[in-house]
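For reference, the structure discussed in these notes is given below.
Readers should treat all values here as calculations from the given coordinates under stated rules, not as data from a laboratory. Here the structure is a predicted model, which is why all the values come from computation and not from measurement. Every residue, glycine as well, gets a Cβ built from its backbone with ideal geometry; the counts of neighbours run over all protein chains shown.
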Amino acid sequence: MKKYLYLFTLVFVFISCSDKTDTSFEPETEQDIIQYIEDNNLNATRSNSGLYYVINNEGSGARPTSTSNVTVDYKGYFLDGVVFDESNSNGISFGLNGVIQGWTEGITYFREGGNGILLVPYNLGYGESGRGSIPGGSVLIFDIRLLSVN
């Protein structure tokens, strides 16, 4: 009986000390964003936070602040092009202080009527844990058009 107890204890200790890290989680990196920019011939600017943005048309109306309420027409997708969300052409209204950090910062680079692309690293998006159909560690890309500052 002592042999079995000894064997059980040895197996338990071995299992308890094993590496339990999940190697399937590999957050997408800034290098992945840079590669996407190069592959798609984008003229992107990097902010101090690590957000990359492309201004196709700055717009000519009001410029929002990080606490403004805005209406935005958008399409969100991953680096592989798979769309995870999009508005209809009428857009969606929200407060910039209630969305992901990449939007709170990025939308302020445009004026009403402006459009472009936001390339949001995971730490300015949904982090390592993700949300709904968005896996943790995902870079998020948004085609955006700022319809109005409300």
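Below, the figures for the structure above:
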read-out	value
Spin-label pair Arg46/Thr67, simplified geometry with 7 Å Cα→Cβ offset, distance in nm	3.2
Among 66-73, 130-137, the order from most to least packed when residues are scored by Cβ within 10 Å on average	66-73, 130-137
Inter-label distance, nm, simple model (7 Å from Cα along the C-beta direction), Ser89/Ser60	2.1
